[in-house]
Amino acid sequence: MSLKDVKNNQTSNLYKAGIYLFTVFFIGVAGFIVIENYPVIDAVYMTVITTTTVGFGEVRPLSEAGKIFTSLLILSSLGVVTYFLSQLTQNLFQSQLGMLFKGYAKKTKLKNMENHVIVCGYGRNGRQVVKELRTFNEQVVVIDQDHDIVLNNIGQPVRFIEGDATSDEILLKADIKKAKALITSLPNDADNLYVVLTARSLSPHLNIISRASDESSESKLRIAGVDSVVMPERVGGAHMATMVTQPEVVEFLEHLNIHDESSVILEEIVCTKLPDWLRGKPLKEVELRKKIGVNIIGLKKATGEFVINPSPETRLLDNYKLFVLGTKEQIEALNALVNGVDPDIINKID
């Protein structure tokens with residue numbers, strides 16, 4: 001029996017116990033009214049002190065029939081009240097235990113992360129980064145020195161660590177050696193530079209992305225070991241200028257949502273190890289557009305060279321990254337095909 005079934009069974013038993021208790025209480029009130037001709041309030045009082053066996057005196061001396069009825073009420077209520085209290089206690093215990101196990105499981109899961117993303121700084125940029133990462137169901141660890149931010153986000157699906165992201169101890173606490181990427185979005189370029197230096201020394205192969213506010217900081221960050229530098233002012237300025245000079249292009253790109261399941265999305269697919277029948281084959285022979293419906297608008301070779309709008313003669317090789325336009329289902333089908341998960345995927349597509 002599953003935990004859910006046990007919980008449902010406990011709730012059902014509690015309802016039954018409540019019905020039994022209400023029935024005994026109703027019979028008691030009705031009996032005192034009919035047999036002893038008590039007013040309703042006196043009948044309720046007598047029923048309560050009788051069923052709970054608290055030992056207070058009667059409202060007035062009982063008749064012979066009243067004594068017999070009271071004795072029977074005591075005997076019947078003892079079992080019912082005990083059953084109700086036991087079910088109530090058990091239900092509360094199960095609820096508390098379930099919450100403890102749930103909290104422990106969640107805490108354990110957050111503590112034992114791997115292949116996750118570490119975000120340093122939870123300011124405006126950091127919040128947006130976390131929001132986008134969660135859209136893709138990425139596991140995220142946030143490091144921030146603000147106690148209130150960490151306190152206000154307890155219980156979130158994102159793990160928050162209070163501390164200085166430039167500290168080795170804090171980065172190790174965030175399981176940096178098991179992480180796949182680190183994004184530092186601190187407002188001070190010097191702090192970002194120090195985070196990059198510390199992170200790179202702890203994890204040489206980590207993908208590190210840093211925010212920068214000054215163009216002179218970009219070269220320093222590159223030397224420190226950052227993989228990508230993002231300058232919000234540069235990106236924002238270029239975007240606004242493009243909206244003036246090429247507004248239709250901007251509108252078109254905005255339609256290429258990268259996380260809306262109901263629309264065409266742009267995504268990258270890594271060809272870790274192509275199937276033998278597909279390796280070295282030109283795109284025109286595979287006919288991915290015709291058979292699956294996807295468009296390959298670019299690729300990145302294993303050497304790091306980018307090819308925009310590859311020609312039909314371009315051959316697929318291992319460790320290529322394909323930049324693909326298509327629906328979520330089409331991209332999943334292509335991913336299954338090129339990585340040998342489902343060689344017959346093309347035959348299954350209408």
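The values are calculated or read from the model by the stated rules, or taken from the named source; none is laboratory data. Everything numeric here is computed off the predicted structure, so don't read it as measured data. Because the Cβ atoms are built from the backbone with ideal geometry, glycine has one as well, and the counts that use them run over all protein chains shown.
Some points to look at:
- Search result, residues across region 207-219 that are over 20 Å from Lys177 (Cα atoms) and either buried (at least 19 other Cβ atoms within 10 Å of the Cβ) or hydroxyl-bearing (Ser, Thr, Tyr) (or both): Arg211, Ala212, Ser213, Ser216, Ser217, Ser219
- When the test is whether a residue is charged (D, E, K, R), at pLDDT 85 or above and in a strand (DSSP E or B), Glu268 passes it.
- Which listed residue, of Val250, Val226, is over 21 Å from Gly126 (Cβ atoms), within 34 Å of the chain's Cα centre (by Cα) and surrounded by 12 or more Cβ atoms within 10 Å (Cβ to Cβ): Val250
- Annotation note: Cβ proximity below 7 Å between a residue of region 132-155 that is in contact (Cβ under 8 Å) with a residue 12 or more places away in the chain and within 18 Å of Ser185 (Cβ to Cβ) and a residue that is of a type in the set (Asp, Glu) and part of a strand (DSSP E or B) (sequence gap 6+ or interchain) occurs for Asp144/Glu162; Gln145/Glu162; Val150/Asp144; Val150/Glu162.
- Only a single item in (1) in a helix (DSSP H, G or I); (2) modelled with pLDDT of 70 or more; (3) polar (S, T, N, Q) is not met by Asn115, and it is number (1).
- The residues of region 202-220 that are touching a residue at least 24 places away in the same chain (Cβ under 8 Å) and either among the polar types (S, T, N, Q) or within 25 Å of Asp146 (Cα to Cα) (or both), listed by number, are Leu202, Ser203, Asn207, Ile208, Ile209, Ser210, Arg211, Ser213, Asp214, Ser217.
- Scanning region 44-89 for residues being part of a helix (DSSP H, G or I), within 55 Å of the chain's Cα centre (by Cα) and within 16 Å of Phe25 (Cα to Cα) gives a total of 21.
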